[in-house]
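Structure, as structure tokens:
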Amino acid sequence: MPRLTTPRRPARRTPWRFAWIKPRHAAMAAIGAAMVGALAVGGIWVERAGIGERIADWTSERASDALRVTARAGLGVREIVVTGRVHTSAAEILAALDLHDGEALLGFDGAAARGALERLPWVREAQVERRFPSTVRVQIVERVPLALWQTQGRHVVLDADGKEIRRADPGTFANLMIVVGSDAPAHARELLALLATEPDLKDRVSAAVRVGGRRWDLVLDGETRVQLPEQQIAAAWTRLADAQRREAILGRAVARIDLRLADRITIQPVVATAATNASGAAGQQAASRPRPAIRSN
């Protein structure tokens, strides 16, 4: 396998340089390239003329011989330089490129390599180019984890486009917000952008539930449910943030906050259970009784 490296500084595009190739090798490379071109044209002619598979096979073999000549002349792959890789392993990239050390650079199919790279789970976009005499440069743009989608009893990592990142471990991204609902992935990016307008409030949102394919319910601090309206969501979110800054309403024992009406905020407090009331009453009675004296021997 050719050596795969990551540049220490941003790569700058430089013109191709052949100056260090020996004249004899340069001549061999030029002859090989000419042979490849001629044989490719001949192969097309043979195929269209229908002369036969044997001649086509012979042409293909001669083209392979010509490519080997160019590789021996110094135009063989020795290094692969990759930028943009974070979650994608070097082994995955090498397998997608399917290159071997010393393989003819002239025979490398960059378009096919790009397609193979973009089929990798984390790769959103890829660019592949040959840098003569012996380098393949790869630049990839990886998917950005956005949220965790809870569906069918499991969690799926979603990217910024609401698409599943295959084979991504949800446990690695446990800090992401959880979205619930069949159409939640399609609307998650828009919701996250809205919540980010009030950062302090956004940090308290642990989950968002899509209701009826029309609106969202948010779960704050793991216990308070905030009901957002279908329309004018941004205005409702701002009203909640303003109320929190003025009155610290989330510091109380609140079960539900209804923002669906534009002219009011309805707050439903947490209802104490009978057991909690009995425990509180017993505590008050115990506090009212005198404590026993402590005697030291």
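Bear in mind these aren't lab numbers, they're just calculated from the coordinates by the rules spelled out. Every value quoted in this text rests on a predicted model; they were computed, and no experiment measured them. Glycine also receives a Cβ, built like all others from the backbone with ideal geometry; neighbour counts cover every protein chain displayed.
Before moving on, here are some points about what is shown:
- Nearest-0.05 FRET efficiency for Ser182 and Thr135, computed from C-beta distance (R0 51 Å): 0.60
- For segment 216-255 versus segment 110-153, the inter-centroid distance based on Cα atoms is 39 Å.
- The Cα atoms of segment 145-269 define a convex hull whose projected area, averaged across directions, is 7.6 nm².
- For the pair Gln232 and Val86 in one chain, pulling the backbone fully straight at 0.36 nm per residue adds 48.8 nm over the alpha carbon distance.
- Computed E for Asp221/Arg119 - FRET, C-beta separation, R0 30 angstrom, nearest 0.05: 0.15
- Available extension along the chain between Thr197 and Gln268 is 23.0 nm, counting 0.36 nm per residue and deducting the alpha carbon span.
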